[in-house]
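One structure below.
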Amino acid sequence: MKKLTVTSERCTGCKRCEMACIAEHSDTKSYIFASLNGFEPKTRIFVDSVINKPVPVVCRHCDDPQCVSACMAGCMQKDPITGIVTNMGHEQKCVGCWMCIMACPYGVISPSFDIVQAGKSEFAQAIKCDFCPNRDTPACVEGCPNEVLAVADI
């Protein structure tokens, strides 16, 4: 299984990981064009400030994910092979109850109101790190100039 590791001491707060995430999850695969398009996807990684120092916060893809247990619709699931926790492929089941958001101890699941505004869904679905399934390395890892983020085999 692979996990995303964070070496927060190297983080400068540039937020390039956030921009790479937004670009990867946009139709255009470009942060600039996604912004100009009027439909800018939400980032799935957040650079937060902890004691005045930037720290990237991202899904831990927990061994016993509380978000999966809390999801009434069954759309949040953990892949038994990869260990990745996501609602991909099941997002249409999401009814916008946000129980997963409330259950996540790390606060890394967000409601996506923009998909409702874009007419892509009736409900503001929960979004979180999906480990960029169409890439060998997550976009946030490649986008970080200081090697704060890395993928480790566990």
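Brief remarks on what is shown
- Distance between the range 1-68 and the range 118-154 - C-alpha centres, whole angstrom: 7 Å
- Cα centre as origin, Lys/Arg/Asp/Glu Cβ charges: the chain dipole, Debye: 140 debye
- Separation of the ILE81 and ILE154 label points, Cα + 7 Å toward Cβ, nm: 2.0 nm
- Here the Debye sum runs over all C-alpha atoms of the chain as equal scatterers in vacuum, and log10 of I(q)/I(0) at q = 0.13, 0.14, 0.16, 0.21 Å⁻¹ comes out as -0.59, -0.69, -0.91, -1.48.
- Cα→Cβ-extended label distance, 7 Å offset, between SER8 and THR137, nm: 2.4 nm
- Under DSSP loop assignment and at most 14 Cβ neighbours within 10 Å, longest GluC sites (Glu not before Pro)-free interval of the chain: 1-121
- Within the chain, the longest run free of exposed loop sites, counting trypsin sites (Lys or Arg not before Pro) that sit outside DSSP helix and strand states (H, G, I, E, B) and have at most 12 other Cβ atoms within 10 Å, spans 30-119.
Read-outs: derived from the displayed coordinates by stated rules, not from any lab. Every value quoted in this text rests on a predicted model; they were computed, and no experiment measured them. For neighbour counting, all protein chains shown are included, and Cβ atoms are generated from backbone atoms with ideal geometry for every residue, glycine included.
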